[in-house]
Amino acid sequence: MLTINGKAAFGGIVIGKIKEFSKEKNVVRRTKITDVKEEYTRFENAREMAISQLSKLYEKAVKEVGEANAAIFEVHQMMLEDDDYLDSVKNMIETQMVNAEFAVATTGDNFASIFSEMDDEYMKERAADVKDISERVIRILSGVADSDELAGEEEAFIVVADDLAPSETIQLDRSKVLAFVTRKGSTNSHTAILARTMNIPALVCTPLENDVDGKIAVVDGNSGKIILDPEEDTVLLYEKLIKEEKERKELLLRLKGQKTVTKSGKEIKLYANIGGVKDVAAVLQNDAAGIGLFRSEFLYLQSEAYPTENEQFNAYKTVAEMMAGKKVIIRTLDIGADKQIDYFNLDKEENPALGYRAVRICLDRPEIFKTQLRALYRASAYGNIAIMVPMIASLWEVQKAKELIELVKEELKEEGIAYGKVEFGIMIETPAAVMIADELAKEVDFFSIGTNDLTQYTLAIDRQNAKLDLFYDAHHPAVLRMIQMVIDSAHRAGIWAGICGELGADTTLTETFVKMGIDELSVSPAMVLPVRDKVLGVE
C-alpha cells in the first residue's frame, strides 16, 4: 500500500482500477515541399475542420457542464483565428518550404514557450491551450482521429494522466470516469474547473510513477490523496465513508422545498451563481431561492464582437422569466485581469489584477456600459432583476454609475419602453470599499461581498499563482474581520449584505457567517442543499 499526496481539485471518494490515459503521440517530421499554395490550403482545410470539431465540443460541453464552463472551447476557436498564429504558420510554409505539420508544431511550441514564461498565471495557462489546438490541427493533417480511450470498457476507471486538456476531459465518457488524477496541472486549470462542474473527484500535481495502469486505488478528493494497492482494512474504511457520503446526499434531497432558516428563526436568502442562460436549469434543480450572481461577462466572452442591446436583453429576459419572480442579481460587465476579450483592444498590463478592469472600463467607456444598462432595465419588466457593479473602490464610482442609470431610465421613458423596479447594489471586493462601506451603503440597496478578490487584495497574493497556495488563506482573520465590517455597515444603513464569492460555499464557515449577521449566500448550484443543511443546524 502506498499513499501519495496531490492537490485536491474536487472532493469525493472513489475506489476503482486505474486506467492510464496516454495521449496519441504525433511524431512530426520536417519535410521539404514543392507547392506552397497547396500546402497552405492543406493547413487551412485542417484549421477549418478543427474549428468545426471545437464547435461540436462546445455544444457537448454546454449540455454537460453549462455555458460558462464550455466557453474555453470558443476561446480555442478564436485562438485558431488569431492573426499572429496564422501568420507564423504561413510564413514558415512559404519561407522555409516545410510541411504544414512541422509549421504548426513549431508555431505551437514557440507560442506555448512565450506564454509559459509570462509572470501572469492566467497567461501561463494559455500555453496548454495553444499546445492543445496545435496538436488538434496536426492530428487532422496526419489523418489521426480523436479517440475515446475508454470506449468499449465495461467498468468505470480512475483516469490517470500526465495532464488533460479541456477537450480531452469533455470527450471522455462520464459514465466511465470515477475520478481524474493528473501528475501536472493546477487547481485553477480549466480541466480542474470542468471536473468540479461534472462532480467528479479530481487530484492534480500528484507525483505518481508511470507504472500504475491496472492497479486498484482509492482516490480521496477530500484530503487530496491517492492510495495505491490499498489493504483490506483501508478498503473497508473507505467503503464505509462512501456509503455515509451517499446517505448524506440522499438526506440533502429531502431539504428541497424547505426554507433556509436557522433554529432561532433567522432566514438566509440562499441563491446560486451562474454564467449563462443554460445554467438556470441547475439553479431550479437544486432549489435555490434566486440567482445571486449572473456573470454577464460571459455574453461578451462568447461573442466575436460587442453583444448588441437586443442580444443582451434577450439573455437577461429569458433568465428573469425562467426564474418566475425569484430574484436575479446580474453583475455588470467584469472583464480585464484574467478575462481578456480581443475586440476590447485592452493594452497588455504588468499587473492586470490591479489594472484596467470591471467598473473602470465601464466608466471609461460609457457607451458600452449604457448599452448593457438599457438591456438590463428593459429586461426588468419581465421579472425580478437587480444590478450590482463590481470592483468598486471609491464613492464617486458609485455615484457616476447611478448617474448613467438615471440617464438610461430617462431615455427609456421618452421612448415609451417599460421597465421594472430594479435594486441597485455593488460588490465589495477591495479593502478600500470595506473601509468606506458606511458611505457606500448610503448610495445602494445592498452589498455583495466578492471574497475571491477581497482575499487576493487583502493578502496581496495573486490567487491564480499556484506557488502561493500555501500563503493564500481565505480564512485569514483580516478577511473575516473585513466581512464583519461590511455586514455591520450595511445593517447600520438599513440595507442587506451577502456573499457571492467561493467562500460562501465553504460549509466550515456557514455558522460563522450566520452569526456575523449575513443576509444572503450565493453559491454554485450543487452547493445549495449542503449549505442549507448547515444553516438549518445553526442555533
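Every listed requirement among (1) modelled with pLDDT under 95; (2) crowded, with 21+ Cβ neighbours inside 10 Å; (3) charged (D, E, K, R) is met by Glu304 save one, (2). Among residues of region 407-420 that are farther than 11 Å from Arg374 by Cα, those with a beta-carbon under 7 Å from a residue that is not aliphatic (A, V, I, L, M) at least six positions away or on a different chain give the pairs Gly420/Ser380. Among the residues of region 314-342, which ones are over 21 Å from the mean Cα position of the chain (by Cα) and open to solvent by less than 60 Å² (accessible area, probe 1.4 Å)? Across region 314-342, the qualifying residues are Lys317, Thr318, Ala320, Met323, Gly325, Lys327.
Mind checking which residues of region 42-62 are of a type in the set (D, E, K, R) and in contact (Cβ under 8 Å) with a residue 60 or more places away in the chain?
Arg42, Arg47, Lys60
Residues that are open to solvent by 10 Å² or more (accessible area, probe 1.4 Å), assigned to a helix (DSSP H, G or I) and within 21 Å of Leu440 (Cβ to Cβ) within region 367-400 comprise Leu395, Trp396, Glu397, Gln399, Lys400, listed in sequence order. Does region 244-254 contain any residue that is surrounded by 15 or more Cβ atoms within 10 Å (Cβ to Cβ) and farther than 23 Å from Lys176 by Cα? Looking for residues that are surrounded by 15 or more Cβ atoms within 10 Å (Cβ to Cβ) and farther than 23 Å from Lys176 by Cα, one finds at least one in region 244-254, hence yes. Residues being farther than 29 Å from Ser116 by Cα, touching a helix residue (DSSP H, G or I) at 6+ places or on another chain (Cβ under 9 Å), crowded, with 22+ Cβ neighbours inside 10 Å and of a type outside the set (S, T, N, Q) are represented in region 260-270 by at least one member. For region 137-145, does any single residue satisfy the condition of being at pLDDT below 85, open to solvent by 30 Å² or more (accessible area, probe 1.4 Å) and of a type outside the set (Val, Ile, Thr)? There is at least one residue in region 137-145 that is at pLDDT below 85, open to solvent by 30 Å² or more (accessible area, probe 1.4 Å) and of a type outside the set (Val, Ile, Thr). Against the criterion of being modelled with pLDDT under 90, within 24 Å of the chain's Cα centre (by Cα), open to solvent by 20 Å² or more (accessible area, probe 1.4 Å) and farther than 16 Å from Glu48 by Cα, Asp148 does not qualify. Pairing residues of region 374-395 that are farther than 26 Å from Ala353 by Cβ and free of Cβ contacts under 8 Å to residues at least 60 places away in the same chain with residues that are assigned to a helix (DSSP H, G or I) and among the hydroxyl-bearing types (Ser, Thr, Tyr), at Cβ distances under 6 Å and at least 6 apart in sequence or on separate chains, gives no pairs at all. Of all residues in region 239-259, those that are at pLDDT below 90 and part of a helix (DSSP H, G or I) have Cβ atoms under 6 Å from Cβ atoms of residues that are surrounded by 12 or more Cβ atoms within 10 Å (Cβ to Cβ) and not aliphatic (A, V, I, L, M), 6 or more apart or on another chain, in Leu252/Asp533. Consider region 182-208 and keep the residues that are modelled with pLDDT of 75 or more and touching a Gly at 6+ places or on another chain (Cβ under 7 Å). The one that is surrounded by the fewest Cβ atoms within 10 Å (Cβ to Cβ) is Cys205.
The values are calculated or read from the model by the stated rules, or taken from the named source; none is laboratory data. Everything numeric here is computed off the predicted structure, so don't read it as measured data. Here the Cβ is made from the backbone with ideal geometry for all residues, glycine too, and neighbour counts use every protein chain on show. Just the protein is used for accessible areas: all its heavy atoms, side chains included, with ligands, DNA and RNA removed. Shrake-Rupley method; radii C 1.70, N 1.55, O 1.52, S 1.80 Å.
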